[in-house]
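Single-structure report; data block below.
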Amino acid sequence: MLVLVVDSSTPAVTAALAEVSADGVVLRASRCTVDARAHGELLAPQVDAALADVGARPADLGAIVAGLGPGPFTGLRVGLVTAATMGQVLGVPTYGVCSLDGLGQPTAAGHPAASHPAAGELVLAASDARRREVYWAVYDGAGRRVAGPDVAAPTLVAERARDLAVTVAVGDGAQRYADVLGLPVRAEPRYPDPLALARLAAGRIRAGAPGEALTPLYLRRPDAVAATGHKPVLR
């Protein structure tokens, strides 16, 4: 089954195609552009480009997988609205995966630079949350999440990582605040890996599980909120 994978939880705007079969998951095409200010402009063209790369059409898709975040409000919403709309129009199921899970897997995206964690090793996955904070979660050697997801200042995340005996970090947030976290940081993956996201949803796809509502993991209020009252103009 041909599956579209999208993620817009970080500055990386990602659209990819994965082939999910009984034997495994294979990445067939991937487009990724890093631009924190152009999620809305980039994602749809990248979906079209990924489809063109394999000579496929939207009608050939059997499912859609979307990174749920955590991530900043505006960028994350672009990916989830795109995935939900396409799923509805095409009549195919949509499945959500925590985007940090796409960083914490032992075989994240097949990057040559990504080494497999030791059995007892704990990995901190962190993405940049702006406001001098990171979104973070901790994973064991099998890629199971053991803490998080949450959002906090890097100093607090460093304390939590020490309490959990984390030995290595990954992700753009970890790279940005490496000096504060005090952990070795892997170069890759820097952003959620589409192959890892597809693998995490593969069991549901193979089972023909019902599609899911794509509920975003914002973890904090958006920057812009509606006014709660009005100041009098005339006195």
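Only the coordinates and a few stated rules stand behind these numbers; no lab work does. Owing to the predicted nature of the structure, the values given are computational and were not obtained by experimental measurement. Positions of Cβ are backbone-derived with ideal geometry, glycine not excepted, and every protein chain shown enters the neighbour counts.
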*Treating the beta-carbon of each Lys and Arg as +1 and of each Asp and Glu as -1, no other charges, what is the dipole magnitude of the stretch 26-70 about its Cα centre, to the nearest 20 debye?*
80
_Charge dipole (debye, nearest 20) of the stretch 1-138; +1 at Cβ of Lys and Arg, -1 at Cβ of Asp and Glu_ = 360
*asked:* For a Förster distance of 45 Å, can you work out the FRET efficiency between the beta-carbons of VAL180 and ALA56, rounded to the nearest 0.05?
replied: 0.55
*P(r) tail for the chain, what percent of Cα pairs lie past 22 Å?*
51
*To the nearest 20 debye, what charge dipole does the chain have about its Cα centre, counting +1 at the Cβ of each Lys and Arg and -1 at the Cβ of each Asp and Glu?*
720
*With each pseudo-label sitting 7 Å past Cα toward Cβ, what's the LEU219-ARG131 distance in nm, one decimal?*
1.2
*Add -39500 (n - 2.57) for each DSSP H run of 4 or more in the chain, then divide by its residues: what number comes out at 222 nm, to the nearest 500 deg cm²/dmol?*
-8500 deg cm²/dmol
*Considering only DSSP beta bridges whose two residues both sit in the chain, what percent are antiparallel, to the nearest 5?*
70
*What ³J(HN,Hα) values, in whole Hz, does the Karplus curve 6.51 cos²θ - 1.76 cosθ + 1.60 give for the stretch 126-143 when θ = phi - 60°, with x put for Gly and Pro?*
9, 10, 6, 9, 6, 6, 6, 10, 10, 7, 8, 7, 10, 10, 8, x, 9, x
*asked:* Could you tell me which residue out of GLY96, ALA12, TYR218 lies farthest along the dipole of the chain toward its positive end? Charges go on the beta carbon: Lys and Arg +1, Asp and Glu -1, centred on the Cα centre.
replied: TYR218
*Ranked packing of 92-103, 203-214, 73-84, 127-138, most packed first, by mean Cβ within 10 Å*: 92-103, 127-138, 73-84, 203-214
*Determine, from the Cβ-Cβ distance of ALA209 and GLU121 and an R0 of 25 Å, the FRET efficiency 1/(1 + (r/R0)^6), rounded to the nearest 0.05.*
0.20
*Could you work out the per residue convex hull volume over the alpha carbons of the stretch 1-80, in cubic angstrom?*
82
*For ARG145 and VAL26, calculate 0.36 nm times their separation in residues minus their Cα-Cα distance, and state this gained length in nm to one decimal.*
40.5 nm
*asked:* Under a crude label model (7 Å from the Cα following the beta-carbon direction), how far is ARG37 from ALA153 in nanometres?
replied: 2.8
*Quantify how much of the Cα-Cα distance distribution of the stretch 59-109 extends past 18 Å, in percent.*
37
_the chain: most fluctuating residue of ASP48, ASP140, ASP163 per GNM, C-alpha cutoff 10 Å_ = ASP163
_Which order do the peptides 176-183, 195-202, 14-21 come out in when sorted by mean C-beta neighbours inside 10 angstrom, highest first?_
195-202, 14-21, 176-183
*asked:* Rounded, prolate or oblate, given the Cα gyration tensor of the stretch 159-216, with a/c below 1.5 counting as rounded?
replied: prolate
